[in-house]
Amino acid sequence: MARTKKTPEKKNPIGDREKAENIEEIIIDLGKQGVHPAKIGLILKEKHNVDAIKPLGKKITQILKGNNIKYDTDLDFVNKKIGKIQKHSEKNKQDKRAKREIVRFIGLKKKIEEYQNRKISAQ
């Protein structure tokens, strides 16, 4: 016996327009506090029950750029992390794990740079 699938109900992850404007304000406030865009997404998901921002028509980074709020890119974040680990590694020569982490983050940095170069050349 063949059964037809029910069409899934379309849920608006943001709700009504009032809530959408409120979410933009939350994003702007968090951005002004210096929170990384990925962290903003996690905060919205955990504290405000918002699963996706895209239905607003903008991404978190686009909202921040539209309001002239500076934020750290992934490359900036990785560079800071490498600096912290190198500083730690200089103080603690015996820490082999820190040396391994430096290698891992340098590889991640190269990946991000290659991705950005591809993205720029595609435009």
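The values are calculated or read from the model by the stated rules, or taken from the named source; none is laboratory data. If you're wondering where the values come from, they're calculated on a predicted model, not measured in any experiment. In this analysis, Cβ positions are derived from the backbone assuming ideal geometry, glycine residues included, and neighbour counts consider all displayed protein chains.
Of note:
- Residue within the range 101-115 that is more than 30 Å from residue 22 (Cβ to Cβ), out of contact with any strand residue (DSSP E or B) (no Cβ under 9 Å at 6 or more places or on another chain) and small (Gly, Ala, Ser) present: yes
To keep it simple, each residue is scored yes or no on (1) more than 30 Å from residue 24 (Cα to Cα); (2) basic (Lys, Arg).
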| residue | (1), (2) |
| --- | --- |
| 52 | no, no |
| 58 | no, yes |
| 70 | no, yes |
| 105 | yes, no |
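- Residues in the range 24-79 that are acidic (Asp, Glu), closer than 25 Å to residue 117 by Cβ and more than 14 Å from the chain's Cα centre (by Cα): there are none.
- Counted residues, the range 33-53 - those being over 19 Å from residue 80 (Cβ atoms) and either in contact (Cβ under 8 Å) with a residue 24 or more places away in the chain or of a type in the set (Lys, Arg) (or both): 7
- Per-region count, the range 49-87, residues surrounded by fewer than 17 Cβ atoms within 10 Å (Cβ to Cβ), at pLDDT below 90 and over 17 Å from residue 36 (Cβ atoms): 7
- Of all residues in the range 88-123 being closer than 21 Å to residue 74 by Cα and either in contact with a Cys (Cβ under 8 Å, 6 or more places away or on another chain) or among the hydroxyl-bearing types (Ser, Thr, Tyr) (or both), the one that is surrounded by the fewest Cβ atoms within 10 Å (Cβ to Cβ): 121
- Within the range 42-62, the set of residues being part of a loop (DSSP other than H, G, I, E, B) and of a type outside the set (Val, Ile, Thr) comprises 48, 49, 51, 52, 57, 58, 59.
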